[in-house]
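Beneath this line is the structure, given in structure tokens, with notes to follow.
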Amino acid sequence: MILRILNFIVLGAFVLAAAYVYRIKFDSTVQAERLAKIRGEVRHEHDRIAALRAEWGELDNPARIEELAKHYLSLKPVAPTQFDSLVALPDRPAFMNPESKDPIGLMIETAKEPVSTTGSVPAPAKSETPR
């Protein structure tokens with residue numbers, strides 16, 4: 001009688017172990033499918049990155065940019081008379097107070113009007129109203 005109870009207990013343990021092993025196998029299959037899906041997404045993103053890099057290389061082509069600049073910009077070649085000597089450069093601005101709220105604005109307010117213009121840029125119209 002004890003042997004029969006012991007056989008049922010061992011048989012029950014085997015059934016539980018088989019169910020546990022099946023559950024582990026099922027979970028690993030789900031994880032493997034998830035991993036395959038993620039790898040496919042990564043591969044797809046790598047392909048998209050490669051396509052975007054190729055498109056960027058096409059857009060960044062210097063010949064294309066030069067052609068667009070010629071078509072849309074009215075640029076003129078640089079003439080040697082457009083360059084000036086280093087003596088004509090304005091002095092470096094005086095040291096500004098670091099506690100000033102707007103040091104860039106202070107530089108703009110204290111900036112002097114340029115004496116000459118460069119290249120094909122027309123001189124600004126002089127207005128009679130004060131700023």
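Assign one of three labels to the range 2-69, namely rounded, prolate or oblate, based on the Cα gyration tensor with a ≥ b ≥ c the square roots of its eigenvalues; rounded applies when a/c is under 1.5, prolate when it is not and a/b is larger than b/c, and oblate otherwise. Verdict is prolate for the range 2-69. Starting from the Cα of LYS112, draw a straight line to each of the aspartates and glutamates and keep only those under 13 Å, dropping any in the same chain fewer than 8 residues away. Those aspartates and glutamates meeting the cut-off are ASP91. With the simple model of a label 7 Å out from the Cα in the direction of the Cβ, ILE104 to LEU35 spans 5.2 nm. Shown in residue order for the range 4-9 are the 3J(HN,Hα) couplings computed by the Karplus curve 6.51 cos²θ - 1.76 cosθ + 1.60 at θ = phi - 60°: 5, 5, 4, 4, 5, 5 Hz (x for Gly and Pro).
None of the figures in this text is laboratory data; all of them are computed from the coordinates on show. What you see is a predicted model, and the numbers here were worked out from it, not measured in a lab. Positions of Cβ are generated from backbone atoms using ideal geometry, with glycine treated the same way; all protein chains shown enter the neighbour counts.
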